[in-house]
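Asker: Handing you this structure, nothing more for now.
Derivation of every value follows stated rules applied to the coordinates shown; laboratory data play no part. Keep in mind it's a predicted model, so treat the numbers as computed, not measured. Cβ placement follows ideal geometry from the backbone for every residue including glycine, while neighbour counts extend to all protein chains displayed.
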């Protein structure tokens, strides 16, 4: 199944700084390492209010574990919500 992790700004987010100045290197490395080939897509919102990750997981509990152990969540830079997601047929190639 596919899941979406939606990140919103946490208490440790530095107001007035764009995402590229928020020390998110460990967050990116964690997602790449943890999700490896199960990462469908990811990126920040251009209005600097958070971002999202689309991933292939066995169940929502797995996505929840991934999100809550994200260094940016543990550091308080992000809060998160996990949602099941199904792409519209014909607009997404299954397995990618």
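Asker: Hey, among the residues in the range 39-49 that are under 22 Å from residue 85 (Cα atoms) and without any contact (Cβ under 8 Å) to a residue 24 or more places away in the chain, which one's surrounded by the most Cβ atoms within 10 Å (Cβ to Cβ)? Quick ask: steps written out before the conclusion?
Answerer: Pass one, the range 39-49, residues under 22 Å from residue 85 (Cα atoms): 39-46, 49.
Narrowing the set further to residues that are without any contact (Cβ under 8 Å) to a residue 24 or more places away in the chain leaves 39, 41-43, 45-46.
Numbers: 39: 14, 41: 10, 42: 17, 43: 10, 45: 14, 46: 9.
Applying the filter and picking the extreme gives 42.
Asker: Another one. Specify the residue that is farthest from the chain's Cα centre (by Cα); the eligible residues are those in the range 1-11 that are surrounded by 11 or more Cβ atoms within 10 Å (Cβ to Cβ) and in a loop (DSSP other than H, G, I, E, B). Working first, answer last.
Answerer: Initial filter on the range 1-11 (surrounded by 11 or more Cβ atoms within 10 Å (Cβ to Cβ)): 1-10.
Those left that are additionally in a loop (DSSP other than H, G, I, E, B): 1, 10.
Numbers: 1: 16, 10: 14 Å.
It comes out as 1.
Asker: Also: Does the range 17-38 contain any residue that is assigned to a strand (DSSP E or B) and touching a residue at least 24 places away in the same chain (Cβ under 8 Å)?
Answerer: No, the range 17-38 contains no residue that is assigned to a strand (DSSP E or B) and touching a residue at least 24 places away in the same chain (Cβ under 8 Å).
Asker: Looking at the range 50-67, is at least one residue free of Cβ contacts under 8 Å to residues at least 60 places away in the same chain, over 13 Å from residue 3 (Cβ atoms) and not in a strand (DSSP E or B)? Lay out the reasoning, then the answer.
Answerer: Initially, the range 50-67 is screened for residues free of Cβ contacts under 8 Å to residues at least 60 places away in the same chain, giving 50-62, 64-65.
From the residues that got through so far, the ones that are over 13 Å from residue 3 (Cβ atoms) too are 50-51.
Those still in the list that are not in a strand (DSSP E or B) too: none.
Looking for residues that are free of Cβ contacts under 8 Å to residues at least 60 places away in the same chain, over 13 Å from residue 3 (Cβ atoms) and not in a strand (DSSP E or B), one finds none in the range 50-67, hence no.
Asker: How many residues does the range 52-87 hold that are under 11 Å from the mean Cα position of the chain (by Cα) and surrounded by 15 or more Cβ atoms within 10 Å (Cβ to Cβ)?
Answerer: Qualifying residue count, the range 52-87: 15.
Asker: Select from the range 12-37 the residues that are touching a strand residue (DSSP E or B) at 6+ places or on another chain (Cβ under 8 Å) and crowded, with 16+ Cβ neighbours inside 10 Å and write down the one among them that is farthest from residue 1 (Cα to Cα).
Answerer: It comes out as 13.
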